[in-house]
Amino acid sequence: MIEISDRVVVSFAGEGAGEGPLSWGQQDIWRAMVRQESWLPNGAWGPLPPGTTVDDVADQLRYVMSRFPTARTRLRFDERRRPAQVVSAAGETVLEIVDAGSADPAEVAEELRLQYQNAPYDFEQDWPFRMAAVRSGGELTHSVVVMCHLVTDAFGSQVLLEELDKRPDTPLPEPQPLEQARWQTSAAGARQHGMAMRHWETILREMPLRRYPESTGKRVPRHWRGEFRSPALSLALHSITSRTAIPSAPVLLAVFAIAQARVTGLNPVVVRPMVNNRFRPGLDRVVCMLAQYGLCRLDVAGVSFAEAFDRARRSALTTYKHAYYDPAALDDLLARAAADRPGLQLPCYFNDRRDEGATAGTPVPSAAELTAAAGTGEFRWTTRQDVPFEPLIVHVDEVPGATQAIVFMDTHVIAPGDAEALLRGLEAVAVEAALDPDAPTGVPAA
């Protein structure tokens, strides 16, 4: 365990104090935390500019804690362990300083990140941010930040980093989570939720019972994590979006659906894609949890890739519209659906975390480049544990020179070989579609 050399007390104060129920986005991530027995921390470390002082880093921490109400939000539980959010007006936190000594400071930063993420978290007492600076040779070299996922989603994190860089003092965008929760209990919020539930109920009533074949690879430990990194997938997606003018998100959603249908032999494919909800009025710049999983049904059998992409584009719009709802009521709906349809297997989660504009202005790859890159993706299993993940969830990110897909899975639900085939299938489907959009998807019609 890394020993802390110094602790600097950082005082902060900000707007938006109050107490109230969790917003829908906060409820959603809280339920995921309960299911996965984790506070789902997000952590990172990076180099500091030469000459950075302890006061400089403390000022960064002070700005974040003062600026964003979710950074000052802790939970309070009633007698039934139901959470409420408590936003403090002011407080004190601690910036920790670690001396690297003779060790590589970057390695110390990574070790400290893991230590922060693996340490227990008290939702009622702990502030959501843990921050430290690594010191080597008397100079600060790296910063380490870990935050509870209740603070924000990936899109809100981008806003947080932009504001930390520019330090605006403009009023906070509304509505913050306390106000979101008030709107969600209004008549307008009830209408939004009602429309979403009707959309979900229709699909749950009509979808095939099974999503995956019976697992032939049940293992102990049963919960696995794997990574697939593919230069070809990145190139192929860029080629497809350039040729079809369909946004990258629905293209990847269709690619995922086709790959899943090929592996499972089941069609139509039903997926729960993560929706950022930041297209809703006034919510694009709020640092908070807004993202929720939608429900999307895609028939990808007996059609061309181009037709599948167009279907995904149209279905995605409906999915996004109905991905803003009360998670507690959704859980009740899912329970009723499972009771009414014994054996109903709920769809997998799919989280596209890429930057839509990452390839803008870059050359479209040639057929020769696509062919050369095909099959070069690398897969590896990284984690096996008894603590549960979701039954099946796939995250997709852009990394230098490639697209990376990460699978979290329960081997008692889907076999490891099928999960690996699913991720490798993303590359295969995308390359085939990029080379010939009019070719069939390879999923036979019933």
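Okay, here's what the table says:
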quantity: Most mobile of V86, V263, V387 in a GNM of the chain (Cα contacts under 10 Å); calculated: V387
quantity: Net lengthening on full extension, M1/A44 (0.36 nm per residue, minus Cα-Cα); calculated: 13.7 nm
quantity: Among R243, R229, R81: highest mean-square fluctuation, GNM of the chain, C-alpha pairs under 10 Å; calculated: R81
quantity: Label point distance in nm, D104-V399, each placed 7 Å from Cα along Cα→Cβ; calculated: 1.7 nm
quantity: The chain - convex hull of the alpha-carbon atoms, volume per residue in Å³; calculated: 165 Å³
quantity: Ranked list, fewest to most other Cβ atoms within 10 Å of each Cβ, for M195, M1, M33, M207; calculated: M1, M195, M33, M207
quantity: Degrees, to the nearest 10: 54-67 long Cα axis against longest axis of the chain; calculated: 60 degrees
quantity: Size of charge dipole - the stretch 194-435 - debye, nearest 20, with Cβ of Lys, Arg +1 and Asp, Glu -1, no other charges; calculated: 280 debye
quantity: DSSP-defined antiparallel bridges as percent of all bridges, the stretch 51-162, nearest 5; calculated: 70 percent
quantity: Selection from V364, P388, L426 lying farthest towards where the dipole of the stretch 334-446 points positive, charges on Cβ; calculated: P388
quantity: Those residues of the stretch 89-106 whose amide nitrogen sits under 17 Å from the label point placed on L164, 7 Å along Cα→Cβ; calculated: 93-98
quantity: Net dipole in debye of the stretch 86-201 [+1 Lys, Arg Cβ; -1 Asp, Glu Cβ; about Cα centre; nearest 20]; calculated: 580 debye
quantity: Fewest-first sequence of F77, F129, F379 by Cβ atoms within 10 Å of each Cβ; calculated: F77, F379, F129
quantity: For the stretch 194-435, Kirkwood radius (reciprocal of mean inverse C-alpha pair distance, Å); calculated: 18.5 Å
quantity: Gaussian network model of the chain, Cα within-10 Å springs - most flexible of D332, D78, D59; calculated: D78
quantity: The chain - share of DSSP beta bridges that are antiparallel (%, nearest 5); calculated: 85 percent
quantity: Cα-based helix-to-principal-axis angle, 416-435 vs the chain, degrees rounded to 10; calculated: 70 degrees
quantity: Assigned charges on the beta-carbon of Lys, Arg, Asp, Glu; the chain dipole about Cα centre (debye); calculated: 1580 debye
quantity: Nearest-0.05 FRET efficiency for T382 and R210, computed from C-beta distance (R0 25 Å); calculated: 0.35
quantity: Separation of the R219 and R191 label points, Cα + 7 Å toward Cβ, nm; calculated: 5.0 nm
quantity: Stretchable slack from R278 to R35, in nm (0.36 nm times residue separation minus alpha-carbon distance); calculated: 84.9 nm
quantity: Length added when fully stretched, A368-A90, from 0.36 nm per residue minus Cα-Cα; calculated: 94.2 nm
quantity: Acute angle (nearest 10 degrees) that the helix 305-321 long axis makes with the longest principal axis of the chain, alpha-carbon atoms; calculated: 50 degrees
quantity: For the stretch 252-359: span of alpha carbons on each principal axis (Å, largest first); calculated: 43, 41, 19
quantity: Estimated distance in nm for a label pair at L317 and A329, the labels positioned 7 Å out from Cα along Cα-to-Cβ; calculated: 2.5 nm
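Where a number appears in this text, it was derived from the coordinates with a stated rule and is not lab data. This structure is a prediction, so every number in the text was calculated from the model and none was measured. Glycine gets a Cβ as well: all are built from the backbone with ideal geometry, and neighbour counts include every protein chain shown.
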